[in-house]
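Take a look at the structure set out below.
Coordinate-derived values only; no laboratory data. Computed from a predicted structure; not experimentally measured. Heads up, the Cβs are rebuilt from the backbone with ideal geometry, glycines too, and the neighbour counts pull from every protein chain shown.
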Amino acid sequence: MLDAVLVLDLSNSVEYDIIMDFTRALSIGLHINSDAVRVGVVAFSDNVFHVINLDQFIGQQRNFIEALNIIPHHRGKTNIQVSGITRDDILLNGLLNHSS
């Protein structure tokens, strides 16, 4: 099984539309319709936002893309410190669910 967590900078310092277009294209290439791929999403600007859990859209690529489409542009400043998300941060905040 492949677990991928996409970390998106959604601050004012990036072009939101370009980031989201790239993220949608990347997610299509990851073949989320397969039960062998789980993808989670974390966004940051001033703070960290846990957006999509790994177990949330297994085998549901269309629903995953729809969820990407409603991720807001958080704006704010780029806080590089919060982008240094550790594996423990992900585990403690429920992004990575070990149900399998």
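Could you give each residue of segment 41-49 its phi-based ³J(HN,Hα) in whole Hz, using Karplus coefficients 6.51, -1.76, 1.60 with θ = phi - 60°, and x for Gly or Pro?
Running phi through 6.51 cos²θ - 1.76 cosθ + 1.60 with θ = phi - 60° gives 9, 10, 10, 8, 8, 6, 9, 9, 10 Hz.
Between residue 40 and residues 5 or more places away or on another chain, which pairs have amide H atoms under 5 Å apart, with H built 1.01 Å from N, and which residues are they?
4, 5, 6
Got a sec to turn the phi values of segment 27-35 into Karplus ³J(HN,Hα) couplings, 6.51 cos²θ - 1.76 cosθ + 1.60 with θ = phi - 60°, whole Hz, x for Gly and Pro?
Taking θ as phi minus 60°, the curve returns 5, 5, x, 7, 6, 5, 5, 7, 6 Hz for segment 27-35.
For 74, 31, 50, what's the fewest-to-most ordering of other Cβ within 10 Å of each Cβ?
31, 50, 74
What residues qualify as long-range amide H neighbours of residue 34, i.e. H under 5 Å apart, gap of 5 or more or another chain, H built at 1.01 Å from N?
Hits under the 5 Å cutoff: 59.
Return the sequence-ordered ³J(HN,Hα) values of segment 4-11 in whole Hz as given by the Karplus equation 6.51 cos²θ - 1.76 cosθ + 1.60 applied to θ = phi - 60°, using x for Gly and Pro.
Coupling constants for segment 4-11: 10, 10, 8, 10, 10, 7, 10, 7 Hz.
Report the label-to-label distance for residue 69 and residue 3 in nanometres (one decimal), using points 7 Å from each Cα along the Cα→Cβ vector.
2.9
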